[in-house]
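The values are calculated or read from the model by the stated rules, or taken from the named source; none is laboratory data. These numbers come from a predicted model, not from an experiment. With ideal geometry, Cβ positions are generated from the backbone for all residues, glycine too; neighbour counts draw on all protein chains shown.
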Amino acid sequence: MGYFPFFIEIGGKKCVVAGGGAAALRRINTLVKFGPQITVIAPAIMSEISSMDSVTCIARPFEDSDIEGAFMVVAATDDLLTNMRIAELCKEKNIPAEAVGSREGSGFLFPDVAMKNGITIGISIADKGPVIPSEIREKAESLISEYDSGEEEFIRKYRRFLMEWISDEHERKNMLKVILKLYKSGADETEILKFIEIAR
């Protein structure tokens with residue numbers, strides 16, 4: 001069975017990362033894009049992490065009390081049993097935690113993330129197999145790089161407009177698809193508004 005992709009706002013929220021090595025760095029590089037308050041705790045912390053202005057580093061072993069007030073925890077030490085113990089501690093306090101190296105011991109799975117032009121795609125696989133999430137991420141990044149960011153603003157603008165005069169959601173979606181095709185074909189705003197007036 002697969003895992004449900006649960007998207008949630010983490011901006012400004014406390015995120016604790018136990019571990020200062022490569023596994024922690026990969027996850028921090030993703031987390032910083034979403035603006036949480038990241039605290040890294042480990043006896044040794046890579047310079048790539050300690051040099052980040054948006055990350056607070058504490059150079060000492062992890063202590064159980066470090067999870068207090070955390071919104072989420074990433075246990076990314078170089079010891080699997082330690083990661084699992086931290087995740088179990090978080091579970092007791094209802095704090096989502098990833099135990100790096102143990103799917104079974106994790107409260108959530110840290111996905112590969114493709115992010116561009118206002119689009120975020122999270123990728124994980126149900127179990128080990130021939131498909132590598134990073135390969136899918138690269139293809140997803142290539143796909144969304146072709147996305148016209150102007151479409152997002154166009155859709156936002158006309159969705160609000162259509163909601164004022166089409167109450168049926170199904171009809172509204174169909175109309176939005178039609179005028180989006182007009183937009184992609186090169187129609188200007190005057191032509192689109194004229195079409196909408198005729199359709200009304």
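Residue by residue, here is whether (1) farther than 14 Å from LYS14 by Cα; (2) of a type outside the set (D, E, K, R); (3) in a loop (DSSP other than H, G, I, E, B) holds:
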{"residue": "GLY69", "(1), (2), (3)": "no, yes, yes"}
{"residue": "ASP78", "(1), (2), (3)": "yes, no, yes"}
{"residue": "ASN83", "(1), (2), (3)": "yes, yes, no"}
{"residue": "CYS90", "(1), (2), (3)": "no, yes, no"}
{"residue": "SER102", "(1), (2), (3)": "yes, yes, yes"}
{"residue": "GLY105", "(1), (2), (3)": "yes, yes, yes"}
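Taking interchain pairs and intrachain pairs at least six residues apart, which have beta carbon atoms under 7 angstrom, with the first residue in segment 20-32 and in a helix (DSSP H, G or I) and the second surrounded by 15 or more Cβ atoms within 10 Å (Cβ to Cβ) and of a type in the set (Phe, Trp, Tyr)?
Note: pairs meeting the criteria are ARG27/PHE110.
Of (1) outside any loop (DSSP other than H, G, I, E, B); (2) of a type in the set (S, T, N, Q); (3) surrounded by fewer than 21 Cβ atoms within 10 Å (Cβ to Cβ), ASN94 satisfies all except one. Which?
For ASN94, the failing item is (1).
Let me confirm something: among ILE86, ILE123, ILE119, which residue is modelled with pLDDT of 80 or more, touching a helix residue (DSSP H, G or I) at 6+ places or on another chain (Cβ under 7 Å) and farther than 16 Å from TYR3 by Cα?
On the way: ILE86 fails: touching a helix residue (DSSP H, G or I) at 6+ places or on another chain (Cβ under 7 Å); ILE123 fails: farther than 16 Å from TYR3 by Cα.
Step by step, each of ILE86, ILE123, ILE119 is checked, and only ILE119 is modelled with pLDDT of 80 or more, touching a helix residue (DSSP H, G or I) at 6+ places or on another chain (Cβ under 7 Å) and farther than 16 Å from TYR3 by Cα.
List the residue pairs whose Cβ atoms are under 7 Å apart, where the first residue sits in segment 43-59 and is farther than 14 Å from ASN29 by Cβ, the second is part of a helix (DSSP H, G or I), and the two are 6 or more positions apart or on different chains.
CYS57/ILE49; CYS57/SER50
Which residues, counting only those in segment 61-70, are farther than 8 Å from VAL16 by Cα and out of contact with any helix residue (DSSP H, G or I) (no Cβ under 8 Å at 6 or more places or on another chain)?
Of segment 61-70, the ones farther than 8 Å from VAL16 by Cα are 61-65, 68-69.
Scanning segment 61-70 gives PRO61, GLU63, SER65, GLU68, GLY69.
Name the residue, out of GLY101, GLY69, that is crowded, with 17+ Cβ neighbours inside 10 Å and over 23 Å from THR120 (Cβ atoms).
The match here is GLY101.
Just for segment 1-19: of the residues that are free of Cβ contacts under 8 Å to residues at least 40 places away in the same chain and among the small types (Gly, Ala, Ser), which one is surrounded by the fewest Cβ atoms within 10 Å (Cβ to Cβ)? Quick ask: steps written out before the conclusion?
Initially, segment 1-19 is screened for residues free of Cβ contacts under 8 Å to residues at least 40 places away in the same chain, giving 4, 8-9, 11-12.
Applying the additional criterion that residues be among the small types (Gly, Ala, Ser) yields 11-12.
Details: GLY11: 8, GLY12: 10.
Result: GLY11.
Looking at (1) more than 23 Å from GLU197 (Cβ to Cβ); (2) at pLDDT 75 or above, which is the one condition that is false for ASP148?
(2)
Count, please, the residues in segment 157-176 that happen to be under 22 Å from GLY118 (Cα atoms) and surrounded by fewer than 10 Cβ atoms within 10 Å (Cβ to Cβ).
Count: 1.
With the checklist (1) among the aliphatic types (A, V, I, L, M); (2) farther than 27 Å from ALA140 by Cβ; (3) surrounded by 17 or more Cβ atoms within 10 Å (Cβ to Cβ) in hand, flag the one item LEU80 doesn't pass.
All conditions pass for LEU80, except number (3).
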